[in-house]
Amino acid sequence: MEERRDCGGLIKQIDDEMRKNANNAMRSQNMTLAQLEALLELERAPGRQRSLKELEKLLHVAQSTAAGIISRLEQKGFVQGFEAAEDRRVKLVRITPAGQACVCQALLSRNAAEERLLAGLTETERQIFYTLLKKVRDSLG
């Protein structure tokens, strides 16, 4: 009998291991992966700022969860929240220089983790792997 391939299970195991390693690495900075993801979204944003509503959608979390993430990042000095000038009901969030420095450090850690993930692959295999991952992702949407 042919062995059934469980691609979803393998992808989940890889994701779980990478998230665990990322959270362990960030623990020394008193950060979580969710907080880092918020900082990354702000770093990529025009003017390095977004509305809380935008962050909620980009992070795929509830409004209360997004507000909690941003509140903890504000306490650490990584973001600054303020009201939009044109509509005071809209809360905007901007990454601070300390937040940008945190992102730089986290990206170095992420790159090292990805290098460990791909260590057993040749450069050609890495390119093929990445192409296949994008193809699978795009087929889901």
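The values are calculated or read from the model by the stated rules, or taken from the named source; none is laboratory data. Everything numeric here is computed off the predicted structure, so don't read it as measured data. Counting neighbours? That spans all protein chains shown, and the Cβs are built from the backbone with ideal geometry, glycine included. Surface accessibility is based on the protein's heavy atoms, side chains included, excluding ligands, DNA and RNA. Shrake-Rupley method; radii C 1.70, N 1.55, O 1.52, S 1.80 Å.
Of everything listed in (1) open to solvent by 30 Å² or more (accessible area, probe 1.4 Å); (2) in contact (Cβ under 8 Å) with a residue 12 or more places away in the chain; (3) part of a helix (DSSP H, G or I); (4) under 25 Å from Glu114 (Cβ atoms), the single unmet condition for Ala101 is (2).
Just one of Gly68, Gly77 is surrounded by fewer than 15 Cβ atoms within 10 Å (Cβ to Cβ) and not in a loop (DSSP other than H, G, I, E, B); which is it? I'd like the intermediate steps shown before the answer.
Numbers: Gly77 fails: not in a loop (DSSP other than H, G, I, E, B).
Result of the check over Gly68, Gly77: Gly68.
Give me a count of the residues in the stretch 49-65 that are of a type outside the set (A, V, I, L, M) and either surrounded by 16 or more Cβ atoms within 10 Å (Cβ to Cβ) or assigned to a strand (DSSP E or B) (or both). Lay out the reasoning, then the answer.
Just the residues of the stretch 49-65 that are of a type outside the set (A, V, I, L, M), to begin with: 49-51, 53-54, 56-57, 60, 63-65.
Pick out the ones that are also either surrounded by 16 or more Cβ atoms within 10 Å (Cβ to Cβ) or assigned to a strand (DSSP E or B) (or both) and you get 49-51, 54, 56.
Within the stretch 49-65, residues that are of a type outside the set (A, V, I, L, M) and either surrounded by 16 or more Cβ atoms within 10 Å (Cβ to Cβ) or assigned to a strand (DSSP E or B) (or both) number 5.
Which of the residues spanning the stretch 1-48 are surrounded by 12 or more Cβ atoms within 10 Å (Cβ to Cβ) and among the small types (Gly, Ala, Ser)? Those that are surrounded by 12 or more Cβ atoms within 10 Å (Cβ to Cβ) and among the small types (Gly, Ala, Ser): Ala22, Ala25, Ala34, Ala38, Ala45.
The combined condition, being open to solvent by 30 Å² or more (accessible area, probe 1.4 Å), assigned to a helix (DSSP H, G or I) and without any contact (Cβ under 8 Å) to a residue 24 or more places away in the chain, is not fulfilled by Arg88. In the stretch 123-140, the residues that are under 15 Å from Ile14 (Cβ atoms) and β-branched (Val, Ile, Thr) form Cβ pairs under 9 Å with partners that are part of a helix (DSSP H, G or I) and open to solvent by 90 Å² or more (accessible area, probe 1.4 Å), at six or more places apart or across chains, as follows: Val136/Ile11.
Considering every residue within the stretch 8-24, establish whether at least one is closer than 14 Å to Val103 by Cβ and among the hydrophobic types (A, V, I, L, M, F, W, C).
Going through the stretch 8-24, the residues closer than 14 Å to Val103 by Cβ turn out to be 22.
With the extra rule that they be among the hydrophobic types (A, V, I, L, M, F, W, C), the set shrinks to 22.
Scanning the stretch 8-24 turns up at least one residue that is closer than 14 Å to Val103 by Cβ and among the hydrophobic types (A, V, I, L, M, F, W, C).
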